[in-house]
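In what follows, a single structure is set out as structure tokens and then discussed.
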Amino acid sequence: MTQEDEPANLGKVVHLLVLSFSWGMQVWVSFIAGFALMRQVSRHTFGLVQSKLFPVYLYCLMASHVVSLAVYSAYHHRDMLDGQESARMALYCAALVLVGLNAWWLCPEATEFMCQMRVVEAEHGLGDQIGLGSQKEAYDTLREQDPKYKTCKLKFGLYHSMSNLCNLTGFICTTTNLIYAALNLSAI
């Protein structure tokens with residue numbers, strides 16, 4: 001290895017570390033932590049934890065996507081991209097746009113409606129149980145009897161679903177890029 005190879009190798013290492021960090025964080029937050037936590041704490045505590053955890057998660061993810069895109073762009077000039085490299089660049093950009101959309105719009109909106117629902121649920125003695133469990137009927141009754149709660153629940157469901165879709169699509173983009181990187185370790 002010559003001194004001329006050191007910057008290129010450093011770029012490869014940074015790229016792979018950041019891409020792996022992104023993927024691991026997405027797996028943990030999206031598929032493991034929530035399911036484990038949901039079975040251990042009350043519904044309102046779970047919502048509160050998510051409302052504090054997700055902004056940190058999304059901004060860390062956004063920063064790692066920016067670094068991944070920057071490193072990849074530095075090694076793949078736009079005028080020299082082939083079809084496969086263009087697709088990877090599009091995946092990096094899509095992941096960044098989706099996490100930005102999630103961080104700046106969807107997650108804050110979902111959190112706002114969740115907080116409004118929480119107030120109404122607490123007024124009716126709901127939300128302290130672990131999971132939905134035995135009080136499912138009470139939530140259904142509340143939704144039928146309180147139009148404000150019903151509206152908040154519908155809007156929360158919409159924003160939460162769009163947030164999940166953005167998160168899952170971004171995860172697929174990251175996974176695809178990580179697989180490509182693993183299959184082509186000699187190049188970034």
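Where a number appears in this text, it was derived from the coordinates with a stated rule and is not lab data. Just so it is clear, the structure is predicted and the values come from calculations on it, not from any experiment. FYI the Cβ positions are ideal-geometry reconstructions off the backbone, even for glycines, and counts take in every protein chain you see.
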Among the lysines, select those whose C-alpha is under 27 Å from the C-alpha of Lys136, and discard any that sit fewer than 8 residues away in the same chain.
Lys52, Lys148, Lys150, Lys153, Lys155
Based on the mean of other beta carbon atoms within 10 Å per residue, what is the order of 65-72, 28-35, most packed first?
65-72, 28-35
Mind giving me the nanometre distance, one decimal, between the label points for Leu10 and Val49, set 7 Å out from Cα along Cα→Cβ?
4.0
Cα→Cβ-extended label distance, 7 Å offset, between Asn164 and Thr151, nm
2.5
Could you tell me the calculated FRET efficiency between Trp28 and Ile179, based on Cβ-Cβ distance and R0 = 30 angstrom, to the nearest 0.05?
0.95
Length released on extending from Val41 to Asp79, taking residue separation times 0.36 nm less the Cα-Cα span:
8.4 nm
Report the rotationally averaged projected area of region 1-144 based on its alpha-carbon convex hull, in square nanometres.
11.8
Using the Cα centre of the chain as the reference point, and only Cβ charges (+1 on K/R, -1 on D/E), how large is the resulting charge dipole? Debye, rounded to the nearest 20.
460
Please compute the net charge surrounding Ser68, taking Lys and Arg as +1 and Asp and Glu as -1 over other residues with Cβ under 15 Å from its Cβ.
+1
Inter-label distance, nm, simple model (7 Å from Cα along the C-beta direction), Glu137/Val119
3.0
Between region 15-45 and region 115-177, the alpha-carbon center distance in angstrom
19
With -39,500 (n - 2.57) per DSSP H segment of 4 or more residues and division by the full residue count of the chain, the 222 nm estimate, nearest 500 deg cm²/dmol, is -26500 deg cm²/dmol
Once you wrap a convex hull around the alpha carbon atoms of region 61-118, what is its projected area averaged over all directions, in nm²?
4.5
So what's Rg/Rh here for region 82-188, counting alpha carbon atoms and using the Kirkwood radius for Rh?
1.21
